[in-house]
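Trainee: Take a look at the following structure, please.
The values are calculated or read from the model by the stated rules, or taken from the named source; none is laboratory data. Please read these numbers as outputs of a predicted model, since none were measured by experiment. No Cβ is skipped: glycine too gets one built from the backbone with ideal geometry, and neighbour counts run over all protein chains shown. We work out accessible area using only protein heavy atoms, side chains counted, and drop any ligands, DNA or RNA first. Shrake-Rupley method; radii C 1.70, N 1.55, O 1.52, S 1.80 Å.
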Amino acid sequence: MTSQAAEFQALSDTVCHWSVYEPAVKCEIGCTALKAGGGWVVIDPVPLSQASWEELLADAPLRAILLTNGNHVRDAANLRKRHKVPIVTAPETRRDITELRPDVTLLPGELLYGIVSISIPGATPGETAFFAKGGVIVLGDAVINVSMERGLEFLPDKYCDDAKQNRESLRKLLEFDFHTLTLAHGAPVVDRARAKLASLLKSPL
């Protein structure tokens, strides 16, 4: 991918988000940076301008790269090489990545700088959500937010491994106390995110 975001959006002191329009998939693709363990962990990295990277890293160093599924390698190899940081995935995601070899496998229940992985079977291959202390959940493709009018939506059935299973898998996210939800496709939800996801999960199939 060659598209590059000019700047990032600071959602809070510990959460940043940026996105670009990717013609190959005909939609916005976004990534999230979480400040944890004294540094930044970038999830599903989208290329960012050098000036903005310098601004972000002036605040704290890059510690690791996380991937939510096998389709979201994006700028990971470049960042790993430039910053000498590991690429970290859950086991399910690792199995679905062919273009590079992740450095670390984050097992269920293990923490990476306070971040835990949550398997979301039924969406795209290897789909994983990440919960960060402080009330943030980062999702890959299982839920999208590409229309202000419609709000949160499930990934369309035609892109899911098993659409019904995706919906059931997402229910486990309600066990976590979160107020912010960031997505690989669409605007972040920074207000009542848990309640909005709960409302989506009550919608008819």
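Trainee: For Cα pairs less than 8 Å apart in space and 6+ apart in sequence, what is the mean separation divided by the residue count of the range 24-126, i.e. the relative contact order in percent?
Mentor: Relative contact order comes out at 22 percent.
Trainee: Of the options SER19, HIS72, LEU107, report the single residue whose Cα projects farthest towards the positive end of the charge dipole of the chain (beta-carbon charges: Lys, Arg +1; Asp, Glu -1).
Mentor: So the residue we want is LEU107.
Trainee: Compute for the range 93-142: radius of gyration divided by Kirkwood radius, i.e. Rg/Rh, restricted to C-alpha atoms, rounded to two decimals.
Mentor: Using Cα coordinates only, the ratio equals 0.96.
Trainee: Taking every DSSP beta bridge with both residues inside the chain, roughly what % is antiparallel (nearest 5)?
Mentor: 70 percent
Trainee: For the chain, what is the accessible area per residue in Å² when the probe is 1.4 Å?
Mentor: 47 Å²
Trainee: Here's a follow-up. Just need the relative contact order of the chain here, percent rounded to a whole number, with Cα pairs under 8 Å and 6+ apart.
Mentor: Averaging sequence separation for qualifying contacts and normalising by length gives 15 percent for the chain.
Trainee: Shifting gears a bit: Antiparallel DSSP bridges in the range 112-186: what percent, to the nearest 5?
Mentor: That works out to approximately 75 percent antiparallel.
Trainee: Now a separate question. Restricting to lysine pairs 8 or more places apart or on different chains, what number in the chain have Cα atoms under 27 Å apart?
Mentor: Final tally of qualifying lysine pairs is 20.
Trainee: Continuing with the same structure: In whole Å, what is the distance between the alpha-carbon centres of the range 119-148 and the range 69-104?
Mentor: So the two Cα centres are separated by 17 Å.
Trainee: Quick one: net charge around ASP103, please, counting Lys, Arg +1 and Asp, Glu -1 for every other residue with C-beta under 11 Å from its C-beta.
Mentor: +4
Trainee: Under 11 Å from the Cβ of ASP59, count the other residues' Cβ atoms, weight Lys and Arg +1, Asp and Glu -1, and hand me the total.
Mentor: Result for the neighbourhood of ASP59: -2.
Trainee: What list of ³J(HN,Hα) values in whole Hz, one per residue of the range 188-193 in order, does the Karplus curve 6.51 cos²θ - 1.76 cosθ + 1.60 (θ = phi - 60°) give from phi, with Gly and Pro shown as x?
Mentor: Result, ordered by residue: x, 9, 10, 9, 6, 4 Hz.
Trainee: Reported to two decimal places, what Rg/Rh ratio describes the chain when computed on Cα atoms with Rh from the Kirkwood expression?
Mentor: Ratio value, two decimals: 0.93.
Trainee: Shifting gears a bit: Please calculate the 1.4 Å probe accessible area of ARG171, with all protein chains present, and give it to the nearest 10 Å².
Mentor: 100 Å²
Trainee: Next up: Taking all protein chains in place and a 1.4 Å probe, what share, in percent, of the accessible surface of the chain do carbon and sulfur account for?
Mentor: The C+S portion of the solvent-accessible surface of the chain is 50 percent.
Trainee: Here's something else I'd like to know. Residue farthest toward the positive end of the dipole of the chain, with Cβ of Lys/Arg at +1 and Asp/Glu at -1: which of VAL138, PRO91, ALA36?
Mentor: PRO91
Trainee: A further question on this structure: For the range 113-187, state which GluC sites (Glu not before Pro) are in a DSSP loop and have at most 16 other beta carbons lying within 10 Å of their beta carbon.
Mentor: Passing sites in the range 113-187 are GLU149.
Trainee: Here is a further query. For the chain, what is the charge dipole size about the Cα centre, in debye to the nearest 20, if Lys and Arg each add +1 at the Cβ and Asp and Glu each add -1 at the Cβ?
Mentor: Charge dipole of the chain: 280 debye, to the nearest 20.
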